[in-house]
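Throughout, read-outs are computed from the coordinates displayed, never taken from laboratory work. Keep in mind that what you see is a predicted model, and the values were worked out from it rather than measured. Methodologically, a virtual Cβ is constructed for each residue, glycine included, from the backbone with ideal geometry; neighbour enumeration extends over all protein chains shown.
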Amino acid sequence: MSFAYDDQNVFAKILRGEIPNKTVYENEHALAFEDIAPQAPIHVLVIPKGPYMSLDHFAMEASADEQVGFMKAIAEVCKIVGVEDGFRAIANTRDHGHQEVPHLHVHICAGKPLGPMLVR
């Protein structure tokens, strides 16, 4: 599969500072910020700073340092926001996965029981 990253997507603009965000955590390889339309009491997005469209794109092409930095950002967000009762990490991908922004992002949702994973 080939990946053609669109550098005009909303998350690319956030990374460039063109759109403000409520930062929760940041490291060299990732940025985490509050979702503007939260679906749970805790809803944070974690995005890589590199131009990756999806989880599979990131897994195939990101460096080991980028991958470790991204995963550490997810761990730090979980510590910061407090997910002791559990959380859901979601990475929607492409059309069938209902991905709305073509830049890898992991939703960290918590703060209440979240129900079943998929609607049956």
Global form of segment 10-110, assessed from the alpha-carbon gyration tensor, a/c cut-off 1.5
rounded
Applying the Karplus parametrisation 6.51 cos²θ - 1.76 cosθ + 1.60 with θ = phi - 60° to the phi angles of segment 97-106, what ³J(HN,Hα) value in whole Hz is obtained for each residue in order, glycine and proline being reported as x?
x, 6, 6, 9, 10, x, 9, 3, 8, 10
Say we join alpha carbon atoms closer than 10 Å with springs in a Gaussian network model of the chain; which of Pro102, Pro51, Pro41 then has the biggest fluctuation?
Pro41
Quick check: the angle from helix 64-81's long axis to the longest principal axis of the chain, C-alpha only, nearest 10 degrees?
30 degrees
Those trypsin sites (Lys or Arg not before Pro) in segment 22-100 that DSSP places in a loop and that have at most 11 other beta carbons within 10 Å:
Lys22
Within 10 Å of each candidate Cβ there may be at most 13 other Cβ atoms; applying that plus a DSSP loop requirement, which GluC sites (Glu not before Pro) in segment 1-79 survive?
Glu18, Glu28
Compute the separation of the alpha-carbon centres of segment 72-102 and segment 1-35 and state it in Å as a whole number.
14 Å
Please identify, among Ala32, Ala64, Ala12, the residue showing maximal mean-square fluctuation in a Gaussian network model of the chain using a 10 angstrom Cα cutoff.
Ala64
GNM on the chain, C-alpha springs below 10 Å: top fluctuator among Leu31, Leu15, Leu45?
Leu15
Pseudo-spin-label distance Asn27 to Asp85, built 7 Å along Cα→Cβ, given in nm, is 2.8 nm
About the Cα centre, charge dipole magnitude for the chain (Lys/Arg +1, Asp/Glu -1 at Cβ), debye:
340 debye
At a Förster distance of 35 Å, what's the computed FRET efficiency of Gln67 paired with Glu34, Cβ-Cβ distance as r, to 0.05?
0.90
